[in-house]
Amino acid sequence: MDCTSPPQLNGCTQQGAGYPPQPASVSQATADPTPPLPAENAQPSEAPPPAPPPGAPPVPPGQTPEQQAVAHPAHAYYGAQYPPYQADAWAAYYQQQQQAAAWQQYAQYQQQWPGYDPAQAYAAYQQPQSVQPPAYTPASVAPPQIPGPAAASNVPGTQHQNGAVPPWQRQSPAKAAPPTLQPPKQQQNYLKQPPAATKQQGKIGFFIKPQLPKSRQGQAAAPAYVKVEDSKPGPQAAAAAPVGGQGWPISLRSYVERSFAQKIPDEKKGALNVALKQIISDAQAKGELWTRSWETMPLPLSQAAETASLPRPAAAPTSWLAQHRAAKASNLAAKPTLEASRKNRRWSPSPERKRSKVWRRAASPDSDSSTDTTGGGRRFLEQEGRRRAGRAGRFGTGAAADARGNHADVSRKDRVAALGEDVDQVDWDLFVVKGTMQELEKSYFRLTLAPDPSTVRPESVLRRAYERLVHLLRQGKQNYFYALDQFKGMRQDCTVQHLRNDLTVNIYEAHARAALEYGDNAEYNQCQTQLDFLYRDSSVPGCRAEFAAYRILYQTAHAKQGDNAGLLNTLRNTLHLAEGSAAVSHALQVREAVFCCDYQKLFSLYEAAPNMGRALMDISYDKFRHAALNMAVRVYKPHVQVDFLTSLLGFKALGNRASSTADSAQVAGLSLPGCTQHDFPGKYPPQVSPQVAGKDCVKWLKEHGAVLSNESSPAEGAVDCKASANTLVMPAAVAVAHGDANLAIDDFLKSMS
Amino acid sequence: MSGSLNAFLTALASTVTYQRGEELRKLLSVSNQHALEAVRQRSRGMPGWDANGMVREEMRRYSLRGSGWDDIFAQHCTALGALLAGRAVDAYAQLVAYTQPFLKLFREDKDAWLVPVMCGMVHNLRDVARQADAETRRSGKSSDALDNCGTLMQSCFRTALQATGNKEKKLALLEIINTLFKVYFQLNTLRLCKTLINAVASKQFLEFDMFPASQRVTYRYFTGRLNIFDEKYQEAVDDLTYAFEHCPRGAEVNKARCAYYLVPARMLLGDLPRQAMLQRFNLHHYVPIVEAMREGSIQRLDSCLRDNQYGFIQAGTFLLVEKLKLFVHRRLFKRVALLHRVQDPAKADRLPLVKVQQALAWQGVDIDLDGVECIAANLIYRKLVKGYLSHQHRIAVLSKQDPFPALSAATLTDP
């Protein structure tokens, strides 16, 4: 709809863009367009209209707003910055609604009780009203043909004249109509009823009472428990009360206070917190929150609780009076600790927590407006309570809380408070660990507990550890298995300390290269994903072009499985790098060769791949070779020379090894960080010597089921195309018992120990 | 000044009371200038006013207090205020906050009057999420509002799919799906589209024709684009043709969008577009491609691909257009073969590859004979040319009958 643009003309509004059109009968000149004029504007002495904006016409001195209104009705009320058309649009819409509403209601009444006299029903509504404008005469709307009583008061026009306007339309003259002036109950129920309800008349006038637990019904009415509202509390407000601060039984509160007042060592406070939560949520889940006799419950972590670990079910619901008395007494007794205990309650909002997860926080019902929470909010909280109970139960002993005892510079209370909240809302920044470990070598161990600072290396140590590992790899003193273990340990240290800088990038990059060199694609993928996140932060340095090239190559290798969209997205994001980077432009050429099935070019590009590109091309290299052979066998007749295939399938080196494209580290004679070899040859290195290449080719052809016509001399041999067409196979990958052909059995056994 | 906000709230309240979904959708739109103006006036006249309290108070007058709508309207007004102040992130948080309450109302509604409002909600979410993302990105941080919006809209989708109480609530589905498509296309999480398409294809879904034409067109447009990604060209052409033909005549921009994908997809199936079509929908990118396909000019195609690389990749048609290279190669071979037939009628079916190499050299494409052989091999392999190759003699032996079959017979994916 075109309601997106502001109506520039009155006519535009009348076309009904955003709002129902203004009835044509309402003339601006004669009719006062603002029957719903709010009190502030009607009585300018009390609430003067805001100063006109710079563009507004000056108000002539000595002219009251009323006088002005006579001259320029719309301008006076809305100012020049608020053009009259809008006021008219609102007013007209409003008016229409008003009249339609009145009619609809009238029709409803008529249908239900034919003899009903609306004048009586509306009598309760009589209240001082500003003089109704002439625009409100019913002439502007054609009255529906209802065979109503002949009484003059039934004519809709007179209803308006009497000020019998349904309450949602009436503008309260703010001074005259106090908020207590509620429409009669019966009337209100009607208003809640949608027009469709005329079909189901039986339901009219009913509304469902909130289902309260029986024991609570008396309490809900008791003034001590329900917040007194300025108006009749709606069913929602009453129902929502239990979740607010007033909603817990006072006996429970005093129970919590007593628990905290126990003399227990500091390190056990966390456990106490957890235990309390568990007890309360258990009671909540069983619906015994209000029936359990909290006065007699053993306190958690006390001797009594050791003997009776399970909360006993309440013998009988205690009367409200008894509870009230007990609460009063305990309140008086526990007053000094009240504030302290409140801080520890898990439902207390902790304003100091940073709002890192803005959306989720906003999505949860705001605790400030707990009295206003709707039924949905209440259910949400109940479910949440149950879920929290489940989570709290996981660490029943509170060991987890203890383990975090020595985190630096954040008070324990904050963290415990944060833990009690929904996991989604926890501000994990509070849990950042500052490591103290000084050793350079650390084996990876997947954490099952919160990290212990004594086993985490700080950044400076990590840097040295990284240098050491890269050096060891360059020297070839350590194998990939060791590097994997070390890299994963470093990655973990970075994660738990929230390090996102050049060091992190270096570690991930080196690990990715090491994984590529070894052929560990799963680990490479993890690193690449993480690097993608890291690179999004433009302040972090890194070998973006190199890894962009890897990404393109990787997706190209898998493109035939149909992730074209992913590849396109990568291209979109990396195309700008192609200008300055040989690696990226090489990767783009590879992509083109693969997509155009230009196998010859593809295999020659393998030779020219910079950095670790060959490792990625290895992924599907054999598949592409097989596809090329398949094509050759089907296209050439009657034979295809082995010699030709040797060059077509990339067994013969073309001598276009990339030397100018090498990384600066490689030029200096060093391997890339993370690599052991200076120049990664790849799994399928082309041979310079034609004899060796020919032999390789024949061997490969035989493995793949090609039928050779003259096997004795590879140089003159040829593949019999017709015979080979149906015999080509992809040999099954070499299977190793422990699953990884590259992994030496010693390393495998070491990993098992 | 406050009159206008009061009137806005009145309008909101009465649409709820009388269940006018379409009107409520318009009123609740975040781009509704009237509503924005009303909030602007109010915040100008009363700096620091509390939308929450005020709107809730106001809603009591219309006996909507506690119905859930009062919170929704209050948060909506706060969101509008935040939008006006240029705080899209806050505005988005507000929208998110009232989405679940709205879904609850939608679920509990016996009627289906909230269907248009639901559509408006998902539009609002996406609009504001994008603004929020743009705002965060301006400050140099990465943002996930749109991501979050996708998850949230998934829950809208599920709610509408369940359609508790009234089957007609499912009418909101297609619009939600379309909006989700837009989000997923922007986030490039296209695999998530699969579940949505499966939902539409399932038997429990409503009859496709029950939805408004605008939604049907949008849906088929997106499925067409997805099919292009998946290299299902025939399906893509079907979808896009549907979208193209069902667009109203006046919707030139939308028609042009459909045509942008329809034209290359149909070219892949062997139909060249007319010049008038390219002119009408401003598809000038494709003009050199069409000419290259007519002439068999590799050089033209290459230069066009190079020039429009960014554009095609952005639009997602790059891989599609690149596939047309094969057709251009075929046309070149055909033309060379015709010339060869005239030059050497005795050996008309034995086409020396040197001649093709020569033709390519004239076009300015430098390529060795092995490369030409590779091209020829691909053409024969994909059934664009009938015949076989001889490496020894460097010739392509063409089939005696119909050496260049119709383009529609070609296999574009790997055989």
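The values are calculated or read from the model by the stated rules, or taken from the named source; none is laboratory data. Remember, it's a predicted structure, so these values are computed and weren't measured experimentally. Virtual Cβ from ideal backbone geometry, glycine too; neighbours counted across all protein chains shown. All accessible areas refer to the heavy atoms of the entire protein, side chains included, with ligands and DNA or RNA removed. Shrake-Rupley method; radii C 1.70, N 1.55, O 1.52, S 1.80 Å.
Where the accessible area of region A:543-613 is counted over protein heavy atoms with a 1.4 Å probe, how much of it, in %, is carbon and sulfur?
48
Mind pulling the per residue volume of the convex hull built on the Cα atoms of region B:212-323? Å³ is fine.
Hull volume normalised by residue count: 89 Å³.
Which values of log₁₀ I(q)/I(0), to two decimal places, follow from the Debye formula for region B:326-409 at q = 0.12, 0.21 Å⁻¹ with a uniform point scatterer at every Cα?
Ignoring solvent entirely, the Cα scatterers give -0.29, -0.96.
Carbon and sulfur atoms: what percent of the 1.4 Å accessible area of chain B do they account for?
Whole-percent figure for carbon plus sulfur exposure: 50.
Taking a ≥ b ≥ c as the square roots of the Cα gyration tensor eigenvalues, with a/c under 1.5 meaning rounded and otherwise prolate when a/b beats b/c, else oblate, which class fits chain B?
Taking the square roots of the gyration eigenvalues as a ≥ b ≥ c, chain B is prolate.
Compute the long axis of helix B:115-138 from its Cα atoms, compare it with the longest principal axis of the Cα atoms of chain B, and write down the angle in degrees, 0 to 90, nearest 10.
That helix lies at roughly 80 degrees to the long axis.
Using the Kirkwood radius built from alpha carbon pairs, what does the Stokes-Einstein equation give as D for region B:81-188 at 37 °C and 0.692 mPa s, in µm² per second?
The estimated diffusion coefficient comes to 232 µm²/s.
Once amide H atoms are built 1.01 Å from N in the peptide plane, which residues 5 or more positions from A:Tyr636, or in another chain, come under 5 Å H to H?
Close amide H contacts, sequence-distant or interchain: B:Leu389.
So how compact is region A:506-644: Cα radius of gyration and Dmax in angstrom?
Using the Cα atoms of region A:506-644, the pair Rg, Dmax is 16.2, 61 Å.
Let me know the Kirkwood hydrodynamic radius for region B:5-201, please, with Cα pairs as the basis and the value in Å to one decimal.
17.2
Just to be sure I understand the interface: list residues from region A:581-595 that lose 20 Å² or more of accessible area between the chain on its own and the complete protein assembly, 1.4 Å probe.
Buried on complex formation: A:Arg591, A:Glu592, A:Phe595.
Interface size between chain B and chain A, please: total buried accessible area, 1.4 Å probe, rounded to the nearest 100 Å².
Interface area, both chains combined: 7400 Å², rounded to the nearest 100.
Excluding B:Gln357 itself, calculate the net charge of residues whose Cβ lies under 11 Å from the Cβ of B:Gln357, where each Lys or Arg counts +1 and each Asp or Glu counts -1.
Cβ neighbours under 11 Å give a net charge of -2.
What do you get for the angle between helix B:33-45 and the principal long axis of chain B? Use alpha-carbon atoms, 0 to 90 degrees, nearest ten.
Helix B:33-45 and the main axis of chain B meet at about 50 degrees.
Pick out which of B:Cys149, B:Cys77, B:Cys374 has the largest mean-square fluctuation in a Gaussian network model of chain B, springs linking Cα atoms closer than 10 Å.
It is B:Cys374.
Counting other Cβ atoms within 10 Å, which GluC sites (Glu not before Pro) in region B:9-39 have at most 16 and lie in a DSSP loop?
Passing both the DSSP loop test and the Cβ count: no residue.
Suppose the chain between B:Glu22 and B:Thr195 were pulled fully straight at 0.36 nm per residue; how much longer would it get relative to their current alpha carbon spacing?
The B:Glu22-B:Thr195 span can extend by a further 59.4 nm.
Find the lysine pairs in region B:5-201 meeting two conditions, Cα atoms under 28 Å apart and a separation of 8 or more places or different chains, and report how many there are.
Step by step, the pairs that qualify in region B:5-201 add up to 22.
Mind checking the per residue accessible area of region B:326-409 for me, 1.4 Å probe, whole number of Å²?
50
Suppose every Lys and Arg Cβ carries +1 and every Asp and Glu Cβ carries -1, with no other charges. What dipole size does region B:5-201 come out with about its Cα centre, to the nearest 20 debye?
Charge dipole of region B:5-201: 280 debye, to the nearest 20.
Please sort A:641-651, A:473-483 by packing, taking for each peptide the average over its residues of neighbouring beta carbons within 10 angstrom, highest first.
The densest-packed peptide leads the list: A:641-651, A:473-483.
Once you have a ≥ b ≥ c as the square roots of the Cα gyration tensor eigenvalues for region B:1-77, tell me rounded if a/c is under 1.5, and otherwise prolate or oblate according to whether a/b is larger than b/c.
Oblate.
Just to check I understand the Karplus step: with θ = phi - 60° and J = 6.51 cos²θ - 1.76 cosθ + 1.60, what whole-Hz values come out for region A:497-504, glycine and proline as x?
Calculated HN-Hα couplings, in order: 9, 6, 7, 9, 9, 4, 4, 4 Hz.
Just tell me how shielded B:30-40 is by partners: mean number of partner chain Cβ atoms within 10 Å of each residue's Cβ, no decimals.
Across B:30-40, the average partner-chain Cβ count within 10 Å equals 4.
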